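All of the numbers you see were taken from the coordinates with simple rules; none came from a lab. Keep in mind that what you see is a predicted model, and the values were worked out from it rather than measured. Using ideal geometry, Cβ is built from the backbone for each residue, glycine included, and neighbour counts are taken over all protein chains shown.
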């Protein structure tokens with residue numbers, strides 16, 4: 001999953017930074033860019049991909065569906081087309097519950 005120790009605060013992220021953030025290979029990000037219409041990173045004059053906050057949010061959705069929920073690429077594309085807002089809300093709830101779980105585990109470790 002997404003590394004918790006980093007905060008998303010930059011305007012643009014390189015593909016290396018994003019791949020490290022999501023703990024995936026850069027080639028997977030390039031592949032997902034071809035497969036999903038919602039993922040459109042900008043490119044500089046050299047052709048390097050520059051990911052925005054919106055791109056990272058879209059990548060979270062894709063990562064959640066494909067890696068965590070086990071959707072196929074076609075299934076994930078269809079799910080995003082059908083109900084992107086619902087997926088975003090569901091992802092926010094999952095992340096919130098994971099933070100609560102980690103907080104409780106930290107408290108348990110201190111006892």
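Which of rounded, prolate or oblate describes the chain when judged by the alpha-carbon gyration tensor and an a/c cut-off of 1.5?
In terms of gyration-tensor shape, oblate.
Would you please classify the overall shape of region 47-93 from the alpha carbon gyration tensor, given that a ≥ b ≥ c denote the square roots of the eigenvalues, rounded means a/c under 1.5, and beyond that prolate means a/b larger than b/c while oblate covers the rest? Write out the running numbers ahead of the final one.
Values: a/c = 1.89, a/b = 1.44, b/c = 1.32.
Taking the square roots of the gyration eigenvalues as a ≥ b ≥ c, region 47-93 is prolate.
By the gyration tensor of its Cα atoms, with a ≥ b ≥ c the square roots of the eigenvalues, what is the shape of region 18-69: rounded for a/c under 1.5, prolate for a/b over b/c, or oblate? Let's see the in-between values first.
Working: a/c = 1.78, a/b = 1.60, b/c = 1.11.
Because a/c hits 1.5 or more and a/b exceeds b/c, region 18-69 counts as prolate.
In percent, what relative contact order does the chain have, based on Cα pairs under 8 Å that are 6 or more apart in sequence?
On the way: 71 pairs, mean separation 21.9, N = 111.
Answer for the chain is 20 percent.
Highest mean first, how do 87-99, 14-26 rank when packing is the count of other Cβ atoms within 10 Å averaged over residues? Before the final figure, lay out each step's value.
Values: 87-99: 13.3, 14-26: 15.2.
Answer by packing, highest mean first, reads 14-26, 87-99.
Given the peptides 77-83, 55-61, arrange them by the average over their residues of other C-beta atoms within 10 Å, most packed first.
Details: 77-83: 13.6, 55-61: 19.7.
Put in order of decreasing packing, that is 55-61, 77-83.
Kindly express, to the nearest 10 degrees and within the range 0 to 90, the angle between helix 73-110's C-alpha long axis and the longest C-alpha principal axis of the chain.
For helix 73-110, the angle is close to 30 degrees.
How much mean residue ellipticity at 222 nm does the chain get from its helices, if each DSSP H run of length 4 or more adds -39500 (n - 2.57) and you divide by all residues, to the nearest 500 deg cm²/dmol?
Working: 4 runs with 67 residues, N = 111.
The helix contribution divided over the chain gives -20000 deg cm²/dmol.
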